[in-house]
Each structure stands twice: as C-alpha cells, then as structure tokens.
Amino acid sequence: MQRNTGPQNRFPVVAVPENSPKQASPSSRGGHDHVGTFWDMLGIRIVFMAVCVAAGFHFRPFSVTPLSGAATGFLFGLAVILFELRLRHASLRRLIGAAIGSILGLLGAYLTSLILTHTIMPESTRSFFSLAAFLVMAYIGLILGANKGDMLNLQALGGLFGSERSLKHSFKVLDTSVIIDGRVADIADAQFLDGTVIIPQFVLHELQLVADSADPLKRQRGRRGLEVLQRIQKMAHLEVQIADDDFLQIPEVDLKLIELAKRYDAKIVTNDFNLNKVAALQGIEILNVNQLANALKPVVLPGETMRVFILREGKEYNQGVAYLDDGTMVVVDGARKMINKTIDITVTSVHQTTAGKMIFGRYDERGEQQIPRAPAPQGAPHAEPPSAPRANEGATPGGERPARPLYPETGRG
C-alpha cells in the first residue's frame, strides 16, 4: 500500500539510521520489564509444552506406546494453555467466585460419596456414581461461582483486595501522521487518552528520517513530531512503551501497525484516512483525530445569529465568505459589499461533507440601519444625539435583548 507525501501523510522509509531516538525515549515506564509480554509468555509456554510431551513419552499413560504418550502430553499441554488464555480475561472477582464454587462443589461431592458407601449397591456402580458426583458438583460449583463472582464485595475484605484494579491494559498505538500532527499531545494532556501508549520502533525510525530530511518543511515536521513524543512521555497519567516488535516480512508501515495492534490487542491512533479504512476492514479499532475534531465543532442550527468576519467574495453573485476559528467555511448571501468587515448574519442551513462542515447564512442590510430617534421636548437643552446601537446591543421590537453572538470577532483590521 503506497502512501502519499502530502502534508498529513507518511513519508516512505528508505533507510534506518543507526542513531535512532530510542535513547531519548526510554521504555522503562512501559512494558518489557515484567513477565507478560509476547516473547516472555511464548518462551514459558514452549517450556511447558516440552515438559508435558516428555512426561507423556516417559510415563506412557493408559499403557500406550511412547509416541502416543508424547501426543497425549502435547494435547494435554495445549488444553492447559487454551484454558490459561481464557482465564487471562477473567476478573479477580470471577476467579475467586469460581474457586469458592469449586471447593464447595467438591465438598458436596465428598459428602455424597460418604453416603453412597453405606448402601448395598455394587462396588462398580458406587464408584461410578461417586466419580459422577465429583465431576458434576465441581463443574456446577465452578460455573455458578464464576457467574456470581461479580456480586462479591472485595473491599470489605480489607486492603488485600480493596485496591483491586482492572488487569486488562488499554493499549494505543501511535501512527507517524498523528505524531507529526501534534494534536494528540493536547488530547492526552486533557486526559482523553489513557492507558498504555505504544510507540513502535519503526515509527521512531521513520520520524528521525523525516527530521533528517534535506527538505526544510519535512525536517521541521519531523522535529515537531519528536518534540510531541517528548511531551507525551512527561505526562504522569500515561504509560509510554517503546515496542521493539518488527515484521521484516511486511514492507508497508501501515500493515506493520495493523499487525502490531493485533499482537497487543490495541487501538490505532491516527488521522490517515487510508489506514483508517484498511484497519477497520481487519477488525482493528481506530481513534481518528480528525473525526474527533469534527465531532467537537460547535453545533449551529438554522435561524441562529452569529458574528463573522467577511474575508473574501464568494463564487456566486453577491456572496461573501468567512471562516470560523476552527476552519469552518461560512458562505453568506448578500455580503459581497461587506468584505473586511465583521457583521451579524442569520444561519440558513448547515451541510456536512467529507471535507468538513459548511455553514450558509444570509446578511440583512436592514439590520444595520439606525433606529429612528424620538424628537426632544420643547424647551429642553440641546443634547448630543446618541449614537446608533450596534447590531449586537440594540433592542428588538419586543424589548428583548438580542442573542449573544456565538463566535468572537476575529480578523478585525
């Protein structure tokens, strides 16, 4: 997948410099210093599988051949690993509930087997019912205890479980485009971004390549991206992790980000439209900064009054064009003569497009005319005539104060 070299897209990496900014981005806060990473768990599981296969080969359960015993040990180890993977997603309350339910089930099965020993049924039948009671009671206790575990109040047990927190981390992978954009630092500073922030090593290589570019514009954007990363690392509520995972068989950086997100079960933070679509097709959750910015734009309804600065004339006859602080274009009918002036307009319609939001309004020249003044009484001293009220301070015919402008005056000469 080819990526453009536009102002908001990625620049292709053609070389990896030796002095990568890994030293300036320590990963001690984040993640490879504890057991639980992918490679640590993979090594532990391989050792466990080897022990299971060796035990099955040596002891030969069910009097089978050594090869069959090794296959039995392999299947047993595989079943245990699958069960362990399922338990990793369970909460502490469910685990405690399942353990208590299993113990109570085994205790009930033991009492049932004691009762069966005082019956006159044959030994084989009694053994069958005892084993069935153990299996059924243990299974029922395990399932019911896990389902009812959420009802446990662990804080009542004291400090041992009182500070329980969710063990499932929330991982976010940062894309190069969103790092260079810089708005992700403001979002993280406002604590709308939490959990563990993963910065892939190949993204750091790409950032440094852009910072070392001969093009002044690219070099400035790359250095700004490195400054954004340093700012994110200083935030106390975030955990930053430098991921050394690389996929040498995948040349495209977009696909590497997707594979890394799958490995860590993470979300990708980006503003790349193409990466957004490709990752969504593969089931990866995306946090798009551009979509967040569009969602935070103020809502303007038809009929409202707003104050804008007419910057230039529009394409149609007698139109003026203004821009809000967030870049939203406002097309105003009847405002061609009011260029380089701040006026009050009435919103007529709002259109949402793929490029953003467009607001259409109408300017009424009659609203700028002065209100007629009453004649002064005879014999009264001549007073200086009051100045005409401004558009946002005059009184309406009903005596009500007009609506406060939604946006401040910007760009006044």
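The values are calculated or read from the model by the stated rules, or taken from the named source; none is laboratory data. Since the structure is predicted, the reported quantities are computational estimates derived from the model, not experimental observations. Cβ atoms come from the backbone with ideal geometry, glycine included; neighbour counts cover every protein chain shown. The area values use the complete protein model at the heavy-atom level, side chains included, leaving out ligands, DNA and RNA. Shrake-Rupley method; radii C 1.70, N 1.55, O 1.52, S 1.80 Å.
Couple of notes before you dig in:
- Some residue of segment 159-168 being surrounded by fewer than 21 Cβ atoms within 10 Å (Cβ to Cβ) and modelled with pLDDT of 85 or more: no
- Residue check, Gln291 within 30 Å of Gln352 (Cα to Cα), out of contact with any Cys (no Cβ under 7 Å at 6 or more places or on another chain) and not aromatic (Phe, Trp, Tyr): yes
- If you check Asn276, Asn318, Asn294, Asn290 for being touching a Gly at 6+ places or on another chain (Cβ under 6 Å), surrounded by fewer than 21 Cβ atoms within 10 Å (Cβ to Cβ) and not β-branched (Val, Ile, Thr), only one passes: Asn318.
- Restricting the first member to segment 222-245 and to residues that are free of Cβ contacts under 8 Å to residues at least 12 places away in the same chain, and the second to residues that are of a type in the set (A, V, I, L, M, F, W, C), the beta-carbon pairs closer than 9 Å and six or more apart or on different chains are Glu227/Ala185.
- Leading residue by the ranking (least open to solvent (accessible area, probe 1.4 Å)) among those in segment 221-253 that are under 15 Å from Phe202 (Cβ atoms) and acidic (Asp, Glu): Asp245
- Gln352 passes every criterion in (1) modelled with pLDDT of 90 or more; (2) closer than 30 Å to Asp181 by Cβ; (3) open to solvent by 90 Å² or more (accessible area, probe 1.4 Å) apart from (1).
- The residue of segment 37-84 that is least open to solvent (accessible area, probe 1.4 Å), among those that are aromatic (Phe, Trp, Tyr) and farther than 29 Å from Asp265 by Cβ, is Phe57.
- Of the residues making up segment 215-242, those that are out of contact with any strand residue (DSSP E or B) (no Cβ under 6 Å at 6 or more places or on another chain), among the aliphatic types (A, V, I, L, M) and farther than 16 Å from Asp186 by Cα number 1.
- Condition met for Glu313 (open to solvent by 60 Å² or more (accessible area, probe 1.4 Å), more than 34 Å from the chain's Cα centre (by Cα) and at pLDDT 85 or above): yes
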